[in-house]
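The values are calculated or read from the model by the stated rules, or taken from the named source; none is laboratory data. Everything numeric here is computed off the predicted structure, so don't read it as measured data. With ideal geometry, Cβ positions are generated from the backbone for all residues, glycine too; neighbour counts draw on all protein chains shown.
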Amino acid sequence: MRKFIVAGNWKMNTTPKSGKQLVKDVLKKTKPENVKVIFGPPFTHLLQTQKQLKGHKGFFAAAQNMHQEDRGAYTGEISVEMLEDIGAKFVIIGHSERRLYFKETNALLLAKTKKAILHNRKVIFCCGEPLAVREKGTHFQYVMRQLSATIFKLSPEEFKQVIIAYEPIWAIGTGRTASPEQAQDMHFAIRAAIKKKMNEDLASGTSILYGGSVKPSNALEIFKQPDVDGGLVGGASLHADDFVAIIEAAKKTDRGR
Ligand code: PGA
């Protein structure tokens, strides 16, 4: 049975102090119940977040990135062993901002994903098309190409550790959300592709999250779609009340996952 997940991607926002308060406020206001809730703070406060979540069932912390090598002369980078040591179970890989601003290629993202999985981390792997591609109508092919060049190259055993986040770039931070139907259509296509490239069990067992301007006002409609298994939330995850409202929306879908 696949898990329903609400993950917050804080990006380069919050300080250790404000991040601590944000986690505290969310913990005070909700319990995840049938949903997994993940916080994605910057590295400076990932360990602190991890400690805050101790004893709080259903809450987890995610890194926003990691390096593909084990260790060495890579100034400014964070290794998977470091994540392992602090107990961060999840890592976001392939976010469109990493692809765009840090020139991360499919080959690099595959290397990072393999390394994370080798160390038993769960990967939230992002994909999604830019606006021009959506307008041309080739978004399905575009996303399938992204997946074929990356996570579809994993073995089925490795693929078990993958959560997919479909994030159309035109919807990220723009206030413009994909319609529930647009999200469902892509999620359905991704699930069908998993079945073809991997197997039926992985197709039905893989959580596929939607990301891109998820907020309290649209979360429930998106989460109700049968192939949407939660959300990767940017801006709205920085406000405890909004993030809690999104978690509550996820709980309401009551898919028992
Ligand atoms: P947004 O970001 O919710 O602010 O659109 C989503 C993301 O980039 O993961």
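Keeping to the range 240-256, report how many residues are within 15 Å of the ligand (Cβ to nearest atom) and either without any contact (Cβ under 8 Å) to a residue 60 or more places away in the chain or among the acidic types (Asp, Glu) (or both). Of the residues in that region, 3 qualify. Condition check for ALA88 on (1) surrounded by fewer than 18 Cβ atoms within 10 Å (Cβ to Cβ); (2) touching a residue at least 40 places away in the same chain (Cβ under 8 Å); (3) more than 16 Å from the ligand (Cβ to nearest atom): one failure, at (1). Put simply, of ILE117, ILE163, ILE190, ILE124 the only residue that is on the phi < 0 side of the Ramachandran plot and touching a Ser or Thr at 6+ places or on another chain (Cβ under 6 Å) is ILE163. Among what's in the range 221-238 and is of a type outside the set (Asp, Glu) and more than 11 Å from the ligand (Cβ to nearest atom), pick the residue that is surrounded by the most Cβ atoms within 10 Å (Cβ to Cβ). That would be GLY230. Specify which of the listed residues (PRO41, PRO130, PRO32) is buried (at least 22 other Cβ atoms within 10 Å of the Cβ) and in contact (Cβ under 8 Å) with a residue 24 or more places away in the chain. Testing whether each residue is buried (at least 22 other Cβ atoms within 10 Å of the Cβ) and in contact (Cβ under 8 Å) with a residue 24 or more places away in the chain leaves just PRO41. The set of residues in the range 175-185 that are over 18 Å from the mean Cα position of the chain (by Cα) and near the ligand (Cβ under 10 Å from one of its atoms) comprises GLY175, ARG176.
Are any of the residues in the range 222-230 at pLDDT 95 or above and of a type in the set (Lys, Arg)? Among the residues of the range 222-230, at least one is at pLDDT 95 or above and of a type in the set (Lys, Arg), which makes the answer yes. Taking the range 154-174 as the range and being among the small types (Gly, Ala, Ser) and either in contact with a helix residue (DSSP H, G or I) (Cβ under 9 Å, 6 or more places away or on another chain) or within 16 Å of the ligand (Cβ to nearest atom) (or both) as the test, the residues that pass are ALA165, ALA171, GLY173.
Residue count for the range 186-220 satisfying the condition of being of a type outside the set (Lys, Arg) and within 16 Å of the ligand (Cβ to nearest atom): 15. Counting the residues of the range 3-50 that are closer than 14 Å to LYS89 by Cβ and either over 18 Å from the mean Cα position of the chain (by Cα) or of a type in the set (Val, Ile, Thr) (or both) gives 5. There is no residue in the range 10-24 that is away from the ligand (no atom under 16 Å from the Cβ), touching a Ser or Thr at 6+ places or on another chain (Cβ under 8 Å) and over 25 Å from GLY173 (Cβ atoms). Cβ-Cβ distances below 7 Å connect the following pairs, each with a first residue in the range 205-234 that is within 19 Å of LYS160 (Cα to Cα) and β-branched (Val, Ile, Thr), a second residue that is more than 14 Å from the ligand (Cβ to nearest atom) and part of a helix (DSSP H, G or I), and a separation of six or more residues or different chains: THR206/ILE194; ILE208/HIS187; ILE208/ILE190; ILE208/ARG191; VAL228/GLN184; VAL228/HIS187. For beta carbons closer than 6 Å, sequence separation of 6+ or different chains, a first residue in the range 1-25 that is within 23 Å of CYS126 (Cβ to Cβ) and in contact (Cβ under 8 Å) with a residue 40 or more places away in the chain and a second that is within 16 Å of the ligand (Cβ to nearest atom) and assigned to a helix (DSSP H, G or I), the qualifying pairs are PHE4/ALA250; VAL6/ILE246; VAL6/ILE247; VAL6/ALA250; GLY8/SER237; GLY8/PHE243; ASN13/LEU238; LEU22/ALA240. All conditions in (1) under 18 Å from VAL80 (Cα atoms); (2) surrounded by 23 or more Cβ atoms within 10 Å (Cβ to Cβ); (3) more than 12 Å from the ligand (Cβ to nearest atom) hold for THR150, with the sole exception of (1).
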